[in-house]
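J.: After the structure tokens below, expect a handful of questions from me.
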């Protein structure tokens, strides 16, 4: 406990008593931990391969080869049942890449207050206010090759590869660069198996799965022989964004 006396009008003293949480050795107690979010990418239920592996076209005949897949995950919020106690990550813009052996991307949210969190929120893409800003916060670095220009903003999701129609060896290049502020997708997840308990000086984990076939279907199936490239046509971009809005699910649920 600490006591401070503050003079008021030079006559009397106003006393403030401050209580500080301390450990046994007198140091201030740690009251926060961290949460690691892990995202594993799949194609038709199998770990995503970007090594020349071909997969069956999920919306028709032929095969697909994925050579690049990345997306922005932003504005992470851990929600409690108590109003006003949500934890909002600062500078919350993460560029998820999957060009690694285990097709997995992870990041850690630091300084999360001790609590039980029953809800987790984040967005696919970049929110409208930040999308057209010149402030390169978090992973919003033009050197990541995810920025078009300040009039258009960032690419939210990039998927590239090749489509091999049946009975041919000549592939059709796949180029899907999805952006525009209207296509920012806010996602919210409830911890149905019980709340996420964050303890002081410890790391809790949450796993997610990304099913990439959703990119090409549900609610709209994409015929890759007629639509293999989507970048600047607003209607086509919105269609793809609506498809991938449900591609991320909590692992094991």
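The values are calculated or read from the model by the stated rules, or taken from the named source; none is laboratory data. Keep in mind that this is a model prediction, so the values were computed, not measured. Every residue, glycine among them, receives a Cβ derived from its backbone with ideal geometry; neighbour counts consider all protein chains shown.
J.: Under 7 Å between Cβ atoms, which residue pairs at least 6 apart in sequence (or on different chains) link something in the range 100-128 that is touching a residue at least 12 places away in the same chain (Cβ under 8 Å) and at positive phi with a partner that is part of a strand (DSSP E or B) and surrounded by fewer than 16 Cβ atoms within 10 Å (Cβ to Cβ)?
T.: 103/47
J.: Also, I was wondering about something else. Go through the range 138-151 and give me each residue that's exposed (fewer than 13 other Cβ atoms within 10 Å of the Cβ) and touching a residue at least 12 places away in the same chain (Cβ under 8 Å).
T.: 150, 151
J.: Across the range 239-253, what is the total count of residues that are exposed (fewer than 15 other Cβ atoms within 10 Å of the Cβ), out of contact with any strand residue (DSSP E or B) (no Cβ under 8 Å at 6 or more places or on another chain) and touching a residue at least 24 places away in the same chain (Cβ under 8 Å)?
T.: The qualifying residues number 2.
J.: If you don't mind, there's one more thing I want to ask. Would you check which residues across the range 152-186 are surrounded by fewer than 18 Cβ atoms within 10 Å (Cβ to Cβ) and touching a helix residue (DSSP H, G or I) at 6+ places or on another chain (Cβ under 6 Å) and list them?
T.: 181
J.: Of the residues 220, 205, which single one is outside any helix (DSSP H, G or I) and either touching a helix residue (DSSP H, G or I) at 6+ places or on another chain (Cβ under 8 Å) or without any contact (Cβ under 8 Å) to a residue 60 or more places away in the chain (or both)? Outline the logic, then answer.
T.: Details: 205 fails: either touching a helix residue (DSSP H, G or I) at 6+ places or on another chain (Cβ under 8 Å) or without any contact (Cβ under 8 Å) to a residue 60 or more places away in the chain (or both).
Selected residue: 220, the only one of 220, 205 that is outside any helix (DSSP H, G or I) and either touching a helix residue (DSSP H, G or I) at 6+ places or on another chain (Cβ under 8 Å) or without any contact (Cβ under 8 Å) to a residue 60 or more places away in the chain (or both).
J.: Moving to a separate point now. Output the number of the condition that residue 210 fails; it satisfies all remaining conditions of (1) within 19 Å of the chain's Cα centre (by Cα); (2) over 20 Å from residue 46 (Cα atoms); (3) modelled with pLDDT of 95 or more; (4) surrounded by 15 or more Cβ atoms within 10 Å (Cβ to Cβ).
T.: (2)
J.: Looking at the structure I just gave you, is residue 226 assigned to a loop (DSSP other than H, G, I, E, B), farther than 11 Å from residue 246 by Cα and in contact with a helix residue (DSSP H, G or I) (Cβ under 7 Å, 6 or more places away or on another chain)? Walk me through how you get there before you give the answer.
T.: On the way: assigned to a loop (DSSP other than H, G, I, E, B): yes; farther than 11 Å from residue 246 by Cα: yes; in contact with a helix residue (DSSP H, G or I) (Cβ under 7 Å, 6 or more places away or on another chain): no.
It is false that residue 226 is assigned to a loop (DSSP other than H, G, I, E, B), farther than 11 Å from residue 246 by Cα and in contact with a helix residue (DSSP H, G or I) (Cβ under 7 Å, 6 or more places away or on another chain).
J.: Of everything in the range 94-125 that's in contact with a helix residue (DSSP H, G or I) (Cβ under 8 Å, 6 or more places away or on another chain) and buried (at least 22 other Cβ atoms within 10 Å of the Cβ), which residue is nearest to residue 246 (Cα to Cα)? Quick ask: steps written out before the conclusion?
T.: Restricting attention to the range 94-125, the residues satisfying the condition of being in contact with a helix residue (DSSP H, G or I) (Cβ under 8 Å, 6 or more places away or on another chain) are 95, 124-125.
Subset that is buried (at least 22 other Cβ atoms within 10 Å of the Cβ): 124-125.
Working: 124: 10, 125: 14 Å.
It comes out as 124.
J.: Restricting to the range 30-71, what's the tally of residues that are surrounded by fewer than 16 Cβ atoms within 10 Å (Cβ to Cβ), without any contact (Cβ under 8 Å) to a residue 60 or more places away in the chain and not in a loop (DSSP other than H, G, I, E, B)?
T.: Selection size over the range 30-71: 3.
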